[in-house]
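Enquirer: Pasting a structure here, questions to come.
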2 protein chains.
Amino acid sequence: MEDKLQSVGFRQRLAAAYPWTTAPLIVGAPMRVMSGPALAVAVSRAGGFGFIGPSEKPESTAADLETAKGLIASSGIPQPTGSALPVGVGYQIWNGDLDVSASTVSQYHPAAVWLFASRHGQADVDVWTKRLHEASPETEVWLQIGTLQEALDAVRSASPPNVLVVQGAEAGGHGRTSDGIGFITLLPEIADATRGSGIPLIAAGGVADGRGVVAALGIGAAGVAMGTRFLASHEARIIKGYQDEVVRATDGGANTVRTHLYNHLRGTFGWPEQFSPRTIINRSWKEKQAGTAFEEIKKRHDQAVAQGDAAWGPEGWTATYAGANVGLVRGVAKAGEIVEEARNEAARIIQALSGL
Amino acid sequence: MEDKLQSVGFRQRLAAAYPWTTAPLIVGAPMRVMSGPALAVAVSRAGGFGFIGPSEKPESTAADLETAKGLIASSGIPQPTGSALPVGVGYQIWNGDLDVSASTVSQYHPAAVWLFASRHGQADVDVWTKRLHEASPETEVWLQIGTLQEALDAVRSASPPNVLVVQGAEAGGHGRTSDGIGFITLLPEIADATRGSGIPLIAAGGVADGRGVVAALGIGAAGVAMGTRFLASHEARIIKGYQDEVVRATDGGANTVRTHLYNHLRGTFGWPEQFSPRTIINRSWKEKQAGTAFEEIKKRHDQAVAQGDAAWGPEGWTATYAGANVGLVRGVAKAGEIVEEARNEAARIIQALSGL
């Protein structure tokens, strides 16, 4: 019974640390640019934990937090301890700006920062953790990992995170490339290996509704993070053509792939090799598979982007980062309703299972 | 609530079809050779559903069923409808012998056959389904699939299966190669797409204990199949060196891989390209990664095999097919205890969750 009691203890700890939240904890993942202040605050207002994603420019996160602060002030969300804001902020370590991030965090005190994509493993994470903790002691540190080794390195570190986000291979956007497996096996093994650390686990990658929430809780997670599902929310900071494609696409096993192609088409280079993003397949990927030269694909891509919304879709050419669970996303809804529905569906499923 | 009610209905249907079983249904997967009659009967005796795997030679399955029949006679397992045996048999379609299989099934009437690995999709499955159903009308047909399309093809077929086994990418042994994703996203999408078909779903790939059982039930499965966990059972028909390695290995994300290398080292060729097996990594894979020629690896492999148990292990050279959940398997136990423990742990977790 230790597993289950530990999980219960974790849920109590999270409820205490983030008093505006309702169990089971539903987290809005910090998707780059697309998780803006409106989405984060809507998730937190519904009793979830909303994260603002990294911005195009490091300085823009402060503006996002300023906007979030205004939305929170008028929302009536119960405040966490001290002066912390009831939203979080995500930072990509490998290309993040720690000076700017520390300054932002010291000014706005988000309830948590979510760190991910370190080039040099825990060593870089430690530098960020220490610095951000000094900048805002009330801000907790969440660390996203995708392998058992990363989890062990984090727990054994002199600056361990407060929460570990265990991201499985089905996740959209950037995650582990070669050794990626789903959280269905990764999370229980990490739970066993980090027992006694006192660090709660949040499952990420593949959850789009209450069913996935029950699955995550069943294997020992204290909560779940959803990304792709919130791309199809009214509050997402997303282009309509992109959002339409997330709603349209089905069968993530066949129609999504992990590749750096779209990063390169967008002019983004330098991602640490251990990471690659999952995207919905479109013409660019098919042309690459057919042997078309990158320069030619790039030309078509750039022409398509100039057309706006038409750049997305099965005949489109541009990056459409999304999870393998994209087929479970079938309509645009308010973020708060997504949170409530996932929580309520999870409760109903657990109730139905307990009656059997 | 439709999802949950459907799942409840499925569980009732399975309980009626397989009266010796206890919900939630725990299935012993038909691992080639290693799932012999002793393992299958032990699983069924504990209220699970044990399958005998394909044999080295098609004719050997009859001998396995004869052995199972004897074990069942002395076990006191409640018999299913008619003369069916309370165990199942697995057949690999692409290289199976349908004449021999039909003859075997007509003689022993296993409660179900589990079909998998068809070279030409549902067309080949249909041929097997019709023929085996004629050979033994009381034998139900389970079909293992790994993609949404395969599930749709099966459900729309004129000869649909009685049960669909949804195998995720974490599974050990042979599964889908390129488009493999975990059942965490695959199964809910299939559940939604096959709603109304009346066909229950069994989750396979990644489950090793009661935690995985709850996860599977949470996303709408009517039961789960376990393979790797039963490799570490006293009843498995497995070489000690292999079993020791399954118990020893951890971190399936880093230490397992899908590759045809070990098939080829064992002299097995011809698997349809859409399938490949997950195996624990050892010297052969590392040498291949280092650029060593196949012929050289083959020589070292064959020398190692001649040494018996030493052929396995991190410094071994031979095939060690296992799932990404191998790190959750930490000791050898009786198969019946594995079934009961998974079922009881699942019940305890559901109870703990329902109290929150």
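Enquirer: Could you list which residues have their amide H under 5 Å from that of residue A:333, counting only those 5 or more apart in sequence or on another chain, with H placed in the peptide plane?
Expert: Amide H to amide H, under 5 Å and 5 or more residues apart or across chains, residue A:333 pairs with A:233, A:234.
Enquirer: Using bins 5 angstrom wide from zero, how does P(r) for segment A:1-107 break down, in % of all Cα pairs?
Expert: Whole-percent P(r) values from 0 Å outward: 2, 13, 22, 21, 17, 12, 7, 3, 1, 0.
Enquirer: Output the pairs from A:57/A:240; A:240/A:299; B:298/B:334 with a Cα-Cα distance over 26 Å in this structure; if there are none, say none.
Expert: Among A:57/A:240; A:240/A:299; B:298/B:334, the Cα-Cα distance tops 26 Å for B:298/B:334.
Enquirer: With Cβ to Cβ distances under 10 Å as the rule, what net charge do the other residues near residue B:47 carry (K, R +1; D, E -1)?
Expert: In short, +1.
Enquirer: So what are the ³J(HN,Hα) numbers for segment B:195-205, from phi and the Karplus equation (6.51, -1.76, 1.60; θ = phi - 60°), rounded to whole Hz, Gly and Pro as x?
Expert: Values, residue by residue: 4, x, 6, x, 9, x, 10, 10, 8, 9, x Hz.
Enquirer: Roughly what % of DSSP beta bridges within the protein assembly as shown run antiparallel, to the nearest 5? Spell out each step's value before the answer.
Expert: On the way: 16 of 76 bridges.
Of those bridges, close to 20 percent are antiparallel.
Enquirer: Continuing with the same structure: I want to check the label-to-label distance for residue A:234 and residue B:340. Put each point 7 Å from Cα in the C-beta direction and report it in nm to one decimal.
Expert: 5.5
Enquirer: Oh, and also: I'd like the mean, over residues of B:136-148, of how many other protein chain beta carbons sit within 10 Å of each residue's own Cβ.
Expert: Counting Cβ atoms of other protein chains within 10 Å of each residue's Cβ and averaging gives 1.
Enquirer: Explain nothing, just compute: Karplus ³J(HN,Hα) = 6.51 cos²θ - 1.76 cosθ + 1.60, θ = phi - 60°, for every residue of segment A:319-326 in order, whole Hz, x for Gly and Pro.
Expert: 4, 9, 4, 6, x, 5, 8, 4
Enquirer: So, one more: DSSP beta bridges in chain B, what fraction antiparallel, as a percent rounded to 5?
Expert: Here the share of antiparallel DSSP bridges comes out near 20 percent.
Enquirer: Taking the alpha-carbon centroid of each part, what is the distance from segment B:25-57 to segment B:98-155 in angstrom?
Expert: Cα centroid to Cα centroid, the span is 17 Å.
Enquirer: Which value in nm describes the separation of the simple spin-label points at residue A:299 and residue A:250, placed 7 Å from the Cα toward the beta carbon?
Expert: Distance between label points: 3.7 nm.
Enquirer: Same structure, new question: Counting each DSSP H run of 4 or more residues in chain B as -39500 (n - 2.57), what helix-only mean residue ellipticity at 222 nm follows after dividing by all residues, to the nearest 500 deg cm²/dmol?
Expert: Details: 15 runs with 155 residues, N = 356.
About -13000 deg cm²/dmol.
Enquirer: How high is the relative contact order of chain A, given as a whole-number percent (alpha carbon pairs under 8 Å, six or more residues apart)?
Expert: Values: 749 pairs, mean separation 61.7, N = 356.
Taking the mean separation of contacting Cα pairs over the length of chain A, I get 17 percent.
Enquirer: Right, here's the next one. Could you rank the peptides B:93-104, B:25-36 by their average count of other C-beta atoms within 10 Å per residue, with the highest value first?
Expert: Those peptides, ordered most packed to least, come out B:25-36, B:93-104.
Enquirer: Sticking with this structure for a sec: Could you let me know the centre-to-centre spacing of segment B:160-223 and segment B:288-356, using Cα atoms, in angstrom?
Expert: Here the two parts' Cα centres lie 20 Å apart.
Enquirer: Considering only DSSP states other than H, G, I, E and B, which GluC sites (Glu not before Pro) in segment A:9-105 qualify as loop sites with at most 11 other Cβ atoms within 10 Å?
Expert: Taking segment A:9-105 and a limit of 11 other Cβ atoms within 10 Å, the loop GluC sites (Glu not before Pro) found are A:56.
Enquirer: May I pose another question? Using a Gaussian network model on chain B with a 10 Å cutoff between Cα atoms, which of B:160, B:277, B:78 fluctuates the most?
Expert: The residue with the greatest mean-square fluctuation here is B:78.
Enquirer: Another question about this same structure. Semi-axes of segment B:139-283's equivalent ellipsoid from the Cα gyration tensor, sqrt of 5 times each eigenvalue, largest first, rounded to whole Å?
Expert: Its equivalent ellipsoid spans semi-axes of 27, 18, 14 Å.
Enquirer: For chain B, what is the convex hull volume of its Cα atoms per residue in Å³?
Expert: Per-residue hull volume (Cα only) is 126 Å³.
Enquirer: Also, quick follow-up: Once amide H atoms are built 1.01 Å from N in the peptide plane, which residues 5 or more positions from residue B:115, or in another chain, come under 5 Å H to H?
Expert: Distant-sequence amide H within range of residue B:115: B:91, B:142, B:143, B:144.
Enquirer: For segment B:45-158, compute Rg over Rh where Rg is the Cα radius of gyration and Rh is the Kirkwood radius from the inverse mean 1/r over Cα pairs.
Expert: On the way: Rg = 14.0 Å, Rh = 14.4 Å.
Across segment B:45-158, the Cα-based Rg/Rh ratio is 0.97.
Enquirer: Taking every residue in B:202-211, how many Cβ atoms of other protein chains lie within 10 Å of its Cβ, on average?
Expert: 4
Enquirer: Moving to a separate point now. Between B:45, B:195, B:11, find the one with the highest GNM mean-square fluctuation for chain B; connect C-alpha pairs within less than 10 Å.
Expert: Between B:45, B:195, B:11, it is B:195 that shows the largest mean-square fluctuation.
Enquirer: Now for a different question. Quick one: which residues, 5+ away or cross-chain, put their amide H under 5 Å from the amide H of residue B:256? H built at 1.01 Å from N.
Expert: Long-range HN contacts for residue B:256: B:281.
Enquirer: Along the charge dipole of segment B:1-146, pointing to its positive end and built from +1/-1 on Cβ of Lys, Arg, Asp and Glu, which listed residue (B:86, B:104, B:139) has its Cα farthest out?
Expert: Looking along the dipole axis, the top candidate is B:86.
Enquirer: OK, next. Rounded to the nearest 0.05, what FRET efficiency do residue A:309 and residue A:100 give with R0 = 30 Å and r taken as the Cβ-Cβ distance? Could you check?
Expert: For R0 = 30 Å, the calculated efficiency reads 0.40.
Enquirer: Please report, ordered by residue number, every helix of chain A (full DSSP H runs) that is 27 Å or longer along its axis going by C-alpha atoms and whose mean Kyte-Doolittle hydropathy reaches 1.0.
Expert: Correct list, ordered by number: empty.
Enquirer: Expressed in nm², what is the orientationally averaged projection area of the convex hull enclosing the Cα positions of the protein assembly as shown?
Expert: Mean projected area of the Cα convex hull: 28.9 nm².
Enquirer: Over all directions, how big on average is the projection of the convex hull of the alpha-carbon atoms in segment A:240-327, in square nanometres?
Expert: 5.5
Here, each number is a calculation from the coordinates, and none is a lab measurement. Every value quoted in this text rests on a predicted model; they were computed, and no experiment measured them. Here Cβ is always computed from backbone atoms with ideal geometry, including for glycine, and neighbour counts include all displayed protein chains.
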